[in-house]
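Structure first, then comments.
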Amino acid sequence: MITLGNISKNYNGLRVVDNVSLEIGENVIYGLIGKSGAGKSTLIRMMSLLESLDTGEIYYDNCRVDNLEREKLSRCRRQLGMIFQHFNLFSSRNVFGNVAYPLEIVGKDKETIKKRVSELLKMVELSDKFDYPISKLSGGQKQRVAIARALANHPKFLFCDEATSALDPQTTKSVLRLIKSIRDKIGLTVVIITHQMEVVKEICDYVSIIDNGKIVENGTVKEVVGFPHTKIAREFISTLDTLEKNALQTITSGSATCRLHFDSESVTKPILSYLIRNYQLDVNILSGAIRTVNKEPLGELVLKFIGSATELNRGIAHLESVGVTVEVLDD
Amino acid sequence: MIDTLQMLIEPTLSTIYMTVGSTIFSLILGFPLGVLLCVTSPGNLIPMSMLNSGLGRFINILRAFPFIILMILIFPLSHLIVGTSIGTAAAIVPLSVAAAPFVARIIEGALKEVNPELILAAKAMGSSRRQIIFKVMIPEAYPTLINGITLTIINIIGYSAMAGAIGGGGLGDLAIRYGYQRFRTDIMLGAVLIIVVIVELTQFLGNKISNNIMQQRGL
Ligand SMILES: Nc1ncnc2c1ncn2[C@@H]1O[C@H](COP(=O)(O)OP(=O)(O)OP(=O)(O)O)[C@@H](O)[C@H]1O
Ligand SMILES: [Mg+2]
């Protein structure tokens, strides 16, 4: 478990991380999403003890770690693994040598290193490439090597800073799946920094949205995607379907355009046909999507309702009463 | 002809001896200084601005000294170390001292080129400073380091000719004494030719080693 208590960081008078408090449970995959310059990298560098704090405290499993002296700090860092956007592999070492590095620095003997490295390379499906120079690998393969290297000393935490931002969508998915399967298999707390909602949706259990160094929204991915409270959260979610954005732009007139969020319970019920039969409303479907978040379906519909104001209000009230969140976009 | 060749043999060996000796000692002196200059610079591994700027200034002063003056100033030091202030062995002392600051700057430059993100990654894995320097920074910089050391050797070969002035022997000394003072053009040309060959050979080997490393890394 990682606990952040009111941590802040200033650079030249600019508050880059602003009073962030967070608790990340064991074996959870936690997403931190925010725009460029929001302070994500700074935050994860503080969490991974690479950057000092101006205020606040950090605990790993209830053990305070932000005030350690150099020697202890190095040892403490061995509990964590980290992967980066540009992989940061050593070009002076081949695949084997890179994965062996963290084992060498803790003084493991040659036999143990060999055994552990081949285990790790098998896990990331790169056993056949052990003697390749790094420059001869594809982006996805490089990130797999980096994952193997990060996990060499059985860390409790894996920190990922934009780890898939340099990869194409296909490779991104496969790397994310690998991380998830490792978490499921060996148990690992994962913190993922990203600016892509796709990444959050794909593997995170929880997500925090960061804006200007502050956490503005927090919760399970299901909650945040299903029921966003802030504008910035909705912006991130809207990046999920371009189809829906296009549909929204073509609205010209009408009584009320609404976005309906269905949760996993309401999404399976014939709510809309009930609405049409019982209220004097016509409905135009502008766009719709069902997303699966952590194997649970979440529905989203953008509708244009045509009818009188009173009927509209009654209809919306009814929708809310059966567990649908209605967001009125214009009227 | 045979006579000329025979006259060239000993000075050639002296030059090689001076060059190898001075390279080794200048590296022993300059390498740690270069590492120190790099890691104590602002934003680097162990930022220490006072030490860094002090050291930088000291090295600049040393580099600004004309070699011939440095050599004379160092006479007492040579005497202390080698027991005499003339001869090939004695020439190694001023040559090493003159080349050391150059080596320091070359090493500093090569290490500063190492991608800081790699150092961050090594830090995140819990590496000690010593491990970061010796297992990450220096190996990552190998190709640049080799090129820099090649350049150092070639510079030392050039300076070693001047060391002849204090009885250091070697090809430069030979060229001056016979070619310039006794008009033996054949000996002078021979000496120059051998120096050119040694320089070319050094450059060739340096390139080869650095290219081999690059190739190994698939670059
Ligand atoms: N070492 C530093 N010195 C001064 N300012 C810094 C430093 N590191 C980051 N900053 C500033 O802090 C702010 C946040 O930077 P940070 O790298 O944490 O953002 P980010 O959310 O990771 O952005 P991106 O998505 O572009 O990587 C930026 O305005 C940046 O210029
Ligand atoms: Mg960043």
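The values are calculated or read from the model by the stated rules, or taken from the named source; none is laboratory data. Since the structure is predicted, the reported quantities are computational estimates derived from the model, not experimental observations. Neighbour counts run over all protein chains shown; Cβ positions are idealised from the backbone, glycine included. Areas reflect the complete protein model, heavy atoms only, side chains present, ligands, DNA and RNA absent. Shrake-Rupley method; radii C 1.70, N 1.55, O 1.52, S 1.80 Å.
For A:I203, the criteria (1) open to solvent by less than 20 Å² (accessible area, probe 1.4 Å); (2) closer than 22 Å to B:E117 by Cβ hold in every case but one, which is (2). Only one of the numbered conditions (1) part of a helix (DSSP H, G or I); (2) crowded, with 17+ Cβ neighbours inside 10 Å; (3) modelled with pLDDT of 90 or more; (4) away from ligand 2 (no atom under 16 Å from the Cβ) is violated by A:R177, and that is (2).
Scanning the range B:18-52 for residues that are among the β-branched types (V, I, T) and open to solvent by less than 70 Å² (accessible area, probe 1.4 Å) yields a count of 6. For the range A:98-113, the criterion of being over 29 Å from the mean Cα position of the chain (by Cα), farther than 23 Å from B:R129 by Cβ, of a type outside the set (F, W, Y) and buried (at least 19 other Cβ atoms within 10 Å of the Cβ) is met by no residue.
Picking from residues in the range A:26-42 that are in a loop (DSSP other than H, G, I, E, B) and near ligand 2 (Cβ under 10 Å from one of its atoms), the one that is nearest to A:T3 (Cα to Cα) is A:G39. With the structure loaded, tell me whether A:S21 is among the hydroxyl-bearing types (S, T, Y), open to solvent by less than 70 Å² (accessible area, probe 1.4 Å) and not in a strand (DSSP E or B) or whether it fails that test. When the stated conditions are applied, A:S21 does not pass them. A:Y132 fulfils the conditions (1) within 20 Å of B:N115 (Cβ to Cβ); (2) open to solvent by less than 60 Å² (accessible area, probe 1.4 Å) except for a single criterion, (2). Of the candidates A:K142, A:K136, A:K122, A:K108, the single residue that is charged (D, E, K, R) and touching a Leu at 6+ places or on another chain (Cβ under 9 Å) is A:K142. Suppose the filter is within 16 Å of ligand 1 (Cβ to nearest atom) and among the small types (G, A, S); does A:S92 pass it? For A:S92, the condition - within 16 Å of ligand 1 (Cβ to nearest atom) and among the small types (G, A, S) - is not met.
In a residue-by-residue description of the range A:57-80, the property of being more than 8 Å from chain B (Cβ to nearest Cβ), within 16 Å of ligand 2 (Cβ to nearest atom) and touching a Phe, Trp or Tyr at 6+ places or on another chain (Cβ under 8 Å) applies to no position. Please determine, by comparing only the residues of the range A:81-107 that are out of contact with any Asp or Glu (no Cβ under 8 Å at 6 or more places or on another chain) and outside any helix (DSSP H, G or I), which one is farthest from the other protein chains (Cβ to nearest Cβ). Across the range A:81-107, the extreme among qualifying residues is A:G107.
The single condition among (1) part of a helix (DSSP H, G or I); (2) more than 23 Å from B:N211 (Cα to Cα); (3) open to solvent by 40 Å² or more (accessible area, probe 1.4 Å) that B:L55 does not satisfy is (3).
Yes/no per residue for (1) open to solvent by 40 Å² or more (accessible area, probe 1.4 Å); (2) outside any strand (DSSP E or B):
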| site | (1), (2) |
| --- | --- |
| A:V267 | no, yes |
| A:Q280 | yes, yes |
| A:I285 | yes, no |
| A:G288 | yes, no |
| A:T292 | yes, no |
| A:L303 | no, no |
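Considering only residues that are over 21 Å from the mean Cα position of the chain (by Cα) and open to solvent by less than 20 Å² (accessible area, probe 1.4 Å), look in the range A:6-18 and name the one that is farthest from ligand 1 (Cβ to nearest atom). The selected residue is A:S8.
Being within 14 Å of chain B (Cβ to nearest Cβ), more than 9 Å from ligand 1 (Cβ to nearest atom) and in contact with a Lys or Arg (Cβ under 7 Å, 6 or more places away or on another chain) is the filter here; which residues of the range A:28-52 pass it?
The answer is A:M46, A:L49, A:L50.
Across the range A:206-223, the qualifying residues are those that are assigned to a helix (DSSP H, G or I) and in contact (Cβ under 8 Å) with a residue 24 or more places away in the chain, and the one among them that is most open to solvent (accessible area, probe 1.4 Å) is A:K222.
Restricting the range B:107-130 to residues that are within 26 Å of the chain's Cα centre (by Cα) and under 22 Å from B:Q216 (Cβ atoms), the residue that is nearest to the other protein chains (Cβ to nearest Cβ) is B:N115. Within the range A:56-67, the set of residues being in a loop (DSSP other than H, G, I, E, B) and either open to solvent by 70 Å² or more (accessible area, probe 1.4 Å) or closer than 23 Å to A:A152 by Cα (or both) comprises A:D61, A:N62, A:V65, A:N67. When the helices (runs of 4 or more DSSP H) confined to the range B:107-186 are screened for residues that are at pLDDT 95 or above and either more than 22 Å from B:T15 (Cβ to Cβ) or open to solvent by less than 10 Å² (accessible area, probe 1.4 Å) (or both), those reaching at least 3 such residues are found at B:116-124, B:138-163. The single condition from (1) on the phi < 0 side of the Ramachandran plot; (2) within 23 Å of the chain's Cα centre (by Cα); (3) more than 13 Å from ligand 1 (Cβ to nearest atom) that A:V65 fails is (2). Answer yes if at least one residue in the range A:198-218 is at pLDDT 95 or above, within 14 Å of another protein chain (Cβ to nearest Cβ) and within 16 Å of ligand 2 (Cβ to nearest atom), and no otherwise. No, the conditions are met nowhere in the range A:198-218.
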